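Report on the following structure.
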């Protein structure tokens, strides 16, 4: 193989390797709650099977480069149709222009829940519907290149505090559809996973 062909072959291999790395990370859901969680993904028109994530177990969702991926979670076996709502982790991978993964955690769908589940009450706050996981401390932790030390980076750990009052808005999480400024995050496309911990477990960040 001459030098030109070797360089071409090397470039093709590098492109394939980078493409593989871009889509090789996972979104991993960890259930620390005292109840099972039901989770599924929506990628374009395709809807995955529903997974039952038992207490102290996990479920992996391979990342996709298709736009507007949505991973939904609920404690209702009927997928939130009885008014318990759905927690949503949403992301889009841009591997052509910005080489960023744009993501958010959304609690805009559902109702506030009383303890213990599944007793539900409608939200008393106009335009703030709440969610079944409200007060259960949900944390999303990016792994890999998280741009540690860059104070301007939006690649951050997002966590909803425990037992917040009904009038408290979770920081950095969609509570209404108008929270783009505080609740849309982005990380560099890389090799790391997104770890979603339900019900209290908070990981060190950055790792």
Hey, rough spin-label estimate for residue 46 and residue 96, points 7 angstrom out along Cα→Cβ, what's it come to in nanometres?
-> 1.8
Can you tell me how much longer the chain between residue 54 and residue 154 gets when fully stretched, taken as 0.36 nm per residue apart minus their C-alpha distance, in nm with one decimal?
-> 32.8 nm
What's the exposure ranking of 90, 58, going from fewest to most Cβ atoms within 10 Å?
-> 58, 90
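Each value in this text was obtained by applying a stated rule to the coordinates, not by laboratory testing. Worth saying up front: this structure is predicted, and the values here are computed from it rather than measured. Here the Cβ is made from the backbone with ideal geometry for all residues, glycine too, and neighbour counts use every protein chain on show.
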